[in-house]
């Protein structure tokens with residue numbers, strides 16, 4: 001029987017390479033609504049109400065800010081999943097007040113807002129619809145769309161609350177990447193990491209995978225072009241994203257399976273790292 005991820009596998013913190021720490025902190029606190037819980041001269045940890053870290057920032061030397069339309073493999077966006085539609089409406093109010101460009105989409109399974117940080121790292125802020133509303137097509141793929149959101153409905157849902165911070169229960173819901181190719185990505189994320197395919201969207205040149213029947217934990221696309229090169233070390237963008245296994249046993253199983261497939265894994269103090277075919281670095285940890 002092929003290896004599959006435990007259904008309780010989730011995502012943890014993303015680490016971003018940025019060019020100016022003070023500027024990024026101001027953006028993530030005032031616009032996104034995260035809070036700095038740790039800081040050094042060149043790095044910061046951001047979370048919600050001192051919960052586990054969600055975003056790690058590292059100012060790198062001689063940083064080259066990524067272009068808005070990337071032509072390399074790597075981060076398309078990371079996504080903060082808010083616990084309620086009310087919270088998403090409050091976030092929309094905050095984004096409007098910040099006077100920054102806002103993208104939007106009703107994906108049927110969720111409602112989403114899209115922004116970029118000062119280094120053009122893409123960010124999605126979204127709220128899920130109830131799982132009972134999600135639908136699959138005849139192939140087993142989740143039915144998704146990019147319809148216009150109900151702006152007025154979201155703002156009405158926010159009520160009079162103008163909270164400057166994201167609410168408790170906000171997590172990293174998914175990550176989405178530009179890749180070198182979908183065939184390579186499919187083989188790695190399904191055969192080696194053990195995710196299930198939940199959206200094989202050939203017409204969109206995209207593939208969505210998840211654990212536990214979620215609509216997607218990882219999105220993979222070739223919108224930067226098939227065979228897109230890896231980003232340079234001093235380019236701003238993703239340093240790594242984190243997969244959280246439910247316990248040490250499941251983490252050990254994952255590491256053993258990767259090595260059985262010939263994939264390099266570095267281990268140190270209960271944490272492991274591996275790299276996908278698009279040179280995207282992945283941190284592997286246990287929740288307990």
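Taken over region 11-52, residues that are surrounded by 20 or more Cβ atoms within 10 Å (Cβ to Cβ) and without any contact (Cβ under 8 Å) to a residue 60 or more places away in the chain amount to 2.
Restricting region 53-66 to residues that are in a loop (DSSP other than H, G, I, E, B) and over 11 Å from the mean Cα position of the chain (by Cα) leaves a set whose member that is surrounded by the most Cβ atoms within 10 Å (Cβ to Cβ) is 66.
Among the candidates 141, 161, 128, 147, the residue that is in contact with a strand residue (DSSP E or B) (Cβ under 6 Å, 6 or more places away or on another chain), in contact (Cβ under 8 Å) with a residue 24 or more places away in the chain and either loosely packed, with under 13 Cβ neighbours inside 10 Å or farther than 24 Å from residue 78 by Cα (or both) is uniquely 147.
With respect to the stated conditions, residue 77 is closer than 14 Å to residue 238 by Cα, out of contact with any helix residue (DSSP H, G or I) (no Cβ under 7 Å at 6 or more places or on another chain), crowded, with 18+ Cβ neighbours inside 10 Å and modelled with pLDDT of 95 or more. Examine region 177-197 for a residue that is under 26 Å from residue 87 (Cβ atoms) and free of Cβ contacts under 8 Å to residues at least 12 places away in the same chain, and state whether such a residue exists. So far as region 177-197 goes, no, none of its residues is under 26 Å from residue 87 (Cβ atoms) and free of Cβ contacts under 8 Å to residues at least 12 places away in the same chain. Could you tell me whether any residue of region 208-224 is surrounded by 14 or more Cβ atoms within 10 Å (Cβ to Cβ) and over 20 Å from residue 78 (Cβ atoms)? Checking region 208-224: not a single residue is surrounded by 14 or more Cβ atoms within 10 Å (Cβ to Cβ) and over 20 Å from residue 78 (Cβ atoms).
The values are calculated or read from the model by the stated rules, or taken from the named source; none is laboratory data. Everything numeric here is computed off the predicted structure, so don't read it as measured data. Ideal geometry is used to build each Cβ from the backbone, glycine not excepted, and the neighbour counts take in all protein chains shown.
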